[in-house]
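The values are calculated or read from the model by the stated rules, or taken from the named source; none is laboratory data. Note that this is a predicted model, so its numbers are computed, not measured. So basically every Cβ, Gly included, is an ideal-geometry build from the backbone, and we count neighbours across all protein chains shown.
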């Protein structure tokens, strides 16, 4: 069986984390999103077609022609004309039945295996408020129609962006939407009209990374799936280190004296933690990080340095960024309401009462930098000593 992974988009809604790389190459814990999904497909399919576009060379060079026992093929979507167009670009490689998944969502093998039991099927998740999603209306155990972000709760099911089709769907002619794109959901709608579309409810995992804070939440969700301590035997732990809860520490990492770790916490390889660091619940530290900071519910990506009395909360810090002494990410509104942030010029309610900063790679923060909640700093930017970041630095 074959699979198609849609990984061509530019992912502007997750800026500044994806200014210079495809979203499927963001790491979640110790692997990229694309690796997580390939791992879930392993054993279910023998060939994967990856539709690439933005910075395609980064994906091709990283993965090559095979992953585990699966052959990898690449198709370029030169124009961003929608998910339906992306699938059509892969058409000449497809032979019969196949599964399609979004490259920037995270799925479980359990759900994908259940999905492919049908001839035509759509993965859905039960949600309380379907108005934030593509709604899937079902009747008599069949999909009846799809409605994008309806005004009312017309269904309890949201579209999770994973599908099973066969090559017969390409007989269906897609029409351009008002946005000038061709959508894969139009294939689903036509199959539903013919009474052919089954659905499978998520029982394992579906994590959609539409915004920067969703990326943080995806890391935390996978961290919470780990049930026991995993500390590599090469880890050096000095005296006077306290660890509580689930803690994962990768090889060749040093935990220095006075450090307090309150799990669940993930620490990658080759890190230097402390002395006197305070890693609170839901902290994810990737490879090569050096920190003495107080950190909570945050992701520090590869090569970050954050020392000398910093506070990083509910934030994502990009690769090789230097967080200077005394930097503080503010994360809570005085009125206790959920934080908002600007995405492509529009104010978006994040639904989070606590929200920190989202910082791209290779940023240099001056000492004593103070960052307002939900502010974003683009790759390569700097701040002055004592600067207060009240607006995004683009």
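Considering the stretch 206-316, the qualifying strands (runs of 3 or more DSSP E), each wholly inside and each with 1 or more residues that are in the same structural domain as residue 13 (by TED's automatic domain parsing), run over 206-208.
Here residue 147 meets the list (1) surrounded by fewer than 20 Cβ atoms within 10 Å (Cβ to Cβ); (2) not in a strand (DSSP E or B) almost entirely, failing just condition (2). Among the residues making up the stretch 193-204, those that are surrounded by 20 or more Cβ atoms within 10 Å (Cβ to Cβ) and either in a loop (DSSP other than H, G, I, E, B) or modelled with pLDDT under 95 (or both) are 197, 202. In the set (1) closer than 29 Å to residue 221 by Cα; (2) in a loop (DSSP other than H, G, I, E, B); (3) out of contact with any helix residue (DSSP H, G or I) (no Cβ under 6 Å at 6 or more places or on another chain), the condition left unmet by residue 155 is number (3).
Can we say residue 136 is within 19 Å of residue 172 (Cβ to Cβ), assigned to a strand (DSSP E or B) and either touching a strand residue (DSSP E or B) at 6+ places or on another chain (Cβ under 9 Å) or at pLDDT below 95 (or both)? Let's see the steps before the verdict.
Details: within 19 Å of residue 172 (Cβ to Cβ): yes; assigned to a strand (DSSP E or B): yes; either touching a strand residue (DSSP E or B) at 6+ places or on another chain (Cβ under 9 Å) or at pLDDT below 95 (or both): yes.
Yes.
The single condition among (1) farther than 29 Å from residue 216 by Cα; (2) under 18 Å from the mean Cα position of the chain (by Cα) that residue 14 does not meet is (1). On the given criteria, is residue 101 part of a strand (DSSP E or B), closer than 20 Å to residue 210 by Cβ and in contact with a strand residue (DSSP E or B) (Cβ under 6 Å, 6 or more places away or on another chain)? Criteria met by residue 101. Regarding residue 331, is this residue under 20 Å from residue 370 (Cα atoms) and in contact with a strand residue (DSSP E or B) (Cβ under 8 Å, 6 or more places away or on another chain)? For residue 331, the condition - under 20 Å from residue 370 (Cα atoms) and in contact with a strand residue (DSSP E or B) (Cβ under 8 Å, 6 or more places away or on another chain) - is met. Among the residues of the stretch 19-48, those identified as farther than 30 Å from residue 95 by Cβ, more than 11 Å from the chain's Cα centre (by Cα) and in contact (Cβ under 8 Å) with a residue 40 or more places away in the chain are 19, 20, 30. Restricting attention to the stretch 345-394 and to residues that are modelled with pLDDT under 95 and not in a loop (DSSP other than H, G, I, E, B), the residue that is surrounded by the most Cβ atoms within 10 Å (Cβ to Cβ) turns out to be 348. Of the residues making up the stretch 113-129, just one is crowded, with 23+ Cβ neighbours inside 10 Å and not in a strand (DSSP E or B), namely 115. Surrounded by 19 or more Cβ atoms within 10 Å (Cβ to Cβ), part of a loop (DSSP other than H, G, I, E, B) and touching a residue at least 24 places away in the same chain (Cβ under 8 Å): does that describe residue 174? Considered against the rule, which asks whether it is surrounded by 19 or more Cβ atoms within 10 Å (Cβ to Cβ), part of a loop (DSSP other than H, G, I, E, B) and touching a residue at least 24 places away in the same chain (Cβ under 8 Å), residue 174 comes out as yes. Residue check: residue 16 meets all listed conditions (1) crowded, with 20+ Cβ neighbours inside 10 Å; (2) assigned to a helix (DSSP H, G or I); (3) in contact (Cβ under 8 Å) with a residue 60 or more places away in the chain but one, namely (2). Residue check: is residue 227 touching a strand residue (DSSP E or B) at 6+ places or on another chain (Cβ under 9 Å), closer than 30 Å to residue 292 by Cα and surrounded by fewer than 14 Cβ atoms within 10 Å (Cβ to Cβ)? Taking the combined requirement at face value, the residue does not satisfy it.
For the stretch 241-274, the tally of residues that are touching a residue at least 24 places away in the same chain (Cβ under 8 Å) and surrounded by fewer than 18 Cβ atoms within 10 Å (Cβ to Cβ) stands at 2.
Quick one: is residue 307 surrounded by fewer than 23 Cβ atoms within 10 Å (Cβ to Cβ) and under 20 Å from the mean Cα position of the chain (by Cα)? Spelling it out, it is not the case that residue 307 is surrounded by fewer than 23 Cβ atoms within 10 Å (Cβ to Cβ) and under 20 Å from the mean Cα position of the chain (by Cα).
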